[in-house]
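Inspection log for the structure reproduced underneath, given as structure tokens.
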Amino acid sequence: MARKVREVPEVSTAIKIDVDWLPPGKEGLDWADERLELMKEIVKRYGYKIVSATYTLSARGIHFIIVVEGRLDPKELLKLQWLLGDDATRCEINFRRLQRGRFPERNILFEKVLWRRPPTEKCLKCKLWRLYQKHIKAREPPGWVAIFEVRDEEL
């Protein structure tokens, strides 16, 4: 039996969604499957034809990629990514890229943080920062922490 080959249109656009947290184990994968189905429904509601829809686990969570037929206007692409739950900081950065004419060619999903702004004096004095240091024993800001637990008795 021959494998069915999916026809990919000449012009397509990848909608990329970065989610920095996923429940552990099978439950997380079940949630990811449900979320992908909801994302596909939203994309269809906007009238786009889906070519493919996948997700991959990342170092901190999960990356969803939905490829649609045709070329999306950059502002529409950014709006869809935001509506589909893309990381808020990533959306803000991409919005600034859009304003400078550097989006969507700079619409990147990262696996590794290469540089992070050092914590401010105010951040270093924050009680959550001290709890983070105490329990996680890391030397960097908690900006990309996947799981952070604070017990009631510690607050």
Query raised in the report: Any idea what the dipole of the range 12-99 comes to, in debye rounded to 20, about its Cα centre with Lys/Arg Cβ at +1 and Asp/Glu Cβ at -1?
Result: 380
Query - Two-site label geometry, LEU83 and LEU124: point separation in nm, points 7 Å out along Cα→Cβ - result: 4.5
Query raised in the report: Given a Förster radius of 25 Å and the C-beta distance between LYS75 and GLU37 as r, what FRET efficiency does 1/(1 + (r/R0)^6) yield to the nearest 0.05?
Result: 0.45
Query raised in the report: Say each of ASP30 and ARG117 gets a label point 7 Å from the Cα, pointing the same way as Cα to Cβ; how far apart are those two points in nm?
Result: 4.0
Requested in this report: Take the alpha carbon gyration tensor of the range 12-99, find the square roots of its eigenvalues, order them as a ≥ b ≥ c, and report rounded if a/c is under 1.5; if not, report prolate when a/b exceeds b/c, else oblate.
Outcome: oblate
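At 0.36 nm per residue, minus the direct Cα-Cα distance, what do LEU57 and ARG96 gain on full extension? Give it in nm, one decimal, please. Numbers along the way, then the final one.
Numbers: separation 39, 0.36 × 39 = 14.04 nm, distance 2.67 nm.
Separation in residues times 0.36 nm, less the Cα-Cα distance, equals 11.4 nm.
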Query raised in the report: If you rank ILE42, ILE66 by fewest surrounding Cβ atoms within 10 Å, what's the result?
Result: ILE42, ILE66
Requested in this report: Please work out how many pairs of lysine residues in the range 12-99 are eight or more positions apart (or on different chains) and have Cα atoms closer than 16 angstrom.
Outcome: 8
Query - Candidates per chymotrypsin sites (Phe, Trp or Tyr not before Pro) in the range 1-102, loop by DSSP, up to 16 other Cβ within 10 Å - result: TRP21, TYR46
Report summary line: Whole-Hz Karplus couplings 3J(HN,Hα) for the range 96-105, θ = phi - 60° and coefficients 6.51, -1.76, 1.60, Gly and Pro as x, run 5, 4, 4, 4, 9, x, 10, 10, x, 4
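Quick note: the coordinates plus some simple rules give every number you see, no bench work behind them. This one's a predicted model, so the numbers in the text were calculated from it and none came from an experiment. Please note: Cβ atoms are built from the backbone with ideal geometry, for glycine as well, and neighbour counts cover all protein chains shown.
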